[in-house]
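As structure tokens, the structure follows; a few thoughts come after it.
Nothing in this text is a laboratory measurement; each read-out follows from the coordinates by a stated rule. Here the structure is a predicted model, which is why all the values come from computation and not from measurement. Here the Cβ positions follow ideal geometry from the backbone for every residue, glycine too, while neighbour counts run over all protein chains shown.
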Amino acid sequence: MERIGKYEIRKKLGETTASSVYLAFDPFTQQEVAIKRLHPDVLRSTDRSALYHQLLLNEASLAGKLHHPHIVGIHDAVIDDREAYVVMEYVAGGTLEAFATPDHLLAFDRLIEIIFKCTRALDHAYLQGVTHRDIKPANILLTAPDGQDIKISDFGAALFTASETTQLASLGSPAYMSPEQVRELPLDHRTDIYSLGVVMYQLLTGHLPFEGSSKVNLIYQIAHHQAPPPSSIRPDIPAELDAIVSKAMQLEITQRYATWLEFSHDLAQAYRGRALDSQNSEMPDSEKFERIRAFRFFREFSDIEIWEVVRFAEWKCIPGGTTVMKEGEPGNSFCFVLTGEMRVLKKGRLLNLLSVGDCFGEMSLFSAGRGARTASVEASTDSCILTIKAPSLLRASAQCQMHFYKGFMEVLASRLTLANSRIASV
């Protein structure tokens, strides 16, 4: 059986002029991995080996730097004069290239979800001092062919703001480069914002915004022209998506989105403001993320921890008058009010009113289902709630659990203060 280091090669996944990518098996972790390996002739070539070694080193250096649910994880690397490869997480769903042609375009709601997750992942990279510099459909992987969870890959061309050793010129794919990148001007995260705008343009229309007859002509167009709106190619594109692409791809860098947060917020608003798919009643992940992020309880949670909550929480809408929790019954879950209003009752007497962002049932976290509910909670109006079961939280990361415990201590303290105030006023 062919091996690369300790890894058993299953098959070749792809190849470029400089490297091959293999599906392999890690006998230690018992998991499939992807391995990017430089060709032997590249290692022997004195004029190219230094560049490609640096690209692999860039990727390898991210192993301890970028940990995000929407960024491909780096597991291992060997880079020397005789061998050069990087071992990474295997993502099985293919790339967004499959949806970048006019006859195979994504539904608007799915597209928004995918681009939203890209903005959050690239914001995480930016906060770690990393600018990708080669955002394109081929570097955005789907975890499943028909899904909307993604992983951004190939940080080989990344620019590290804390280091000049990775300031490699002329890297990236010309069709997706920003005006400042084709001019070889200093770059920051706004070059990635432009490139993701190009990806969004192509996923909406099946065409690139600029398609020059030569590389020189293409670069000239990017450097000097504002792209026509996507709706000029596909008239049914919603106006809000046209506007988002236009702002991301502004020729002048100061006119673009200044932050990834602004970009992601507009995407979430676009989904929220339009019924893009009347058959889809499930709240999209982008909406869930934005709702949770806005709650005071979650203010100290990182984006990564918010994504954890998105994945293990349950989301449900209930009519007014529904009893969510009943006094005396066992419980192993706690909830947050997403919309509407809830009433807390003790032996039929009103104890409290809960509004958006408030939590209830949290004492079950400490009893792990062995205790009884000390009060009933019912919906005063049609409401939506987020439910988290204690076993799910116990499987969350230690950092996520710590933030929940801290949040519940603050809730308990505020409730004690309120109770003392009521007692003092009697």
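Cys residues of the chain that find no other Cys beta carbon under 4.7 Å: Cys118, Cys335, Cys359, Cys400. Across the chain, Cα pairs under 8 Å and at least six residues apart give a relative contact order of 10 percent. Backbone amide hydrogens, once placed in the peptide plane, bring Ala77 within less than 5 Å of Val87, excluding anything fewer than 5 places away on its chain.
Using 0.36 nm per residue of separation minus the Cα-Cα distance, give me the extension gain between Asp81 and Ala107 in nm, one decimal. Numbers along the way, then the final one.
Details: separation 26, 0.36 × 26 = 9.36 nm, distance 4.69 nm.
Separation in residues times 0.36 nm, less the Cα-Cα distance, equals 4.7 nm.
Among the GluC sites (Glu not before Pro) within the range 209-314, those in coil by DSSP and having at most 12 neighbouring Cβ atoms inside 10 Å are Glu211, Glu252, Glu282, Glu300.
Using the Karplus relation 6.51 cos²θ - 1.76 cosθ + 1.60 with θ = phi - 60°, the per-residue 3J(HN,Hα) values for the range 250-260 come to 4, 4, 7, 4, 6, 8, 7, 4, 7, 9, 5 Hz, with x marking Gly and Pro. Mean separation of Cα pairs under 8 Å and 6 or more residues apart, divided by the residue count, gives the range 295-425 a relative contact order of 33 percent.
Taking label positions 7 Å along the Cα-Cβ direction at both His224 and Leu353, the computed distance is 6.4 nm, reported to one decimal.
Positive end of the dipole of the range 295-425 (Cβ unit charges, origin at the Cα centre): among Phe334, Cys317, Ser383, the Cα lying farthest that way belongs to Phe334.
Couplings for the range 114-123, taken from phi via the Karplus curve 6.51 cos²θ - 1.76 cosθ + 1.60 with θ = phi - 60°, read 5, 5, 4, 5, 5, 4, 5, 5, 6, 5 Hz in order; Gly and Pro are left as x. Shape call for the range 3-89 from the C-alpha gyration tensor, a ≥ b ≥ c root eigenvalues: rounded (a/c under 1.5), prolate (a/b greater than b/c) or oblate? It comes out oblate by the Cα gyration axes.
Panel order for Met1, Met283, by other beta carbons found within 10 Å of each beta carbon, from fewest to most: Met1, Met283.
Full-extension gain between Gln255 and Lys65, please, as 0.36 nm times their residue separation minus the C-alpha to C-alpha distance. Write down the numbers at each step before the final one.
On the way: separation 190, 0.36 × 190 = 68.40 nm, distance 3.02 nm.
Taking 0.36 nm per residue and subtracting the Cα distance, the gain is 65.4 nm.
Looking at this model, which pairs from Lys36/Lys247; Lys11/Lys151; Lys6/Lys215; Lys36/Lys117; Lys136/Lys316; Lys11/Lys389 are more than 31 angstrom apart at the alpha-carbon? Among Lys36/Lys247; Lys11/Lys151; Lys6/Lys215; Lys36/Lys117; Lys136/Lys316; Lys11/Lys389, the Cα-Cα distance tops 31 Å for Lys36/Lys247; Lys6/Lys215; Lys136/Lys316; Lys11/Lys389. When you filter the GluC sites (Glu not before Pro) in the range 76-135 for DSSP loop state and at most 15 other Cβ atoms inside 10 Å of their Cβ, you are left with Glu83.
Estimated from helices alone, the mean residue ellipticity of the chain at 222 nm is -11000 deg cm²/dmol (sum of -39500 (n - 2.57) over DSSP H runs with n ≥ 4, per residue).
How many nm is it between the label spots at Lys346 and Gln401, if each spot is 7 Å from the Cα in line with the beta carbon? Output for this residue pair reads 3.0 nm.
Evaluating 6.51 cos²θ - 1.76 cosθ + 1.60 at θ = phi - 60° for every residue in the range 71-83, the Karplus couplings come out as 10, 4, x, 9, 9, 7, 7, 10, 9, 8, 6, 9, 8 Hz, glycine and proline recorded as x.
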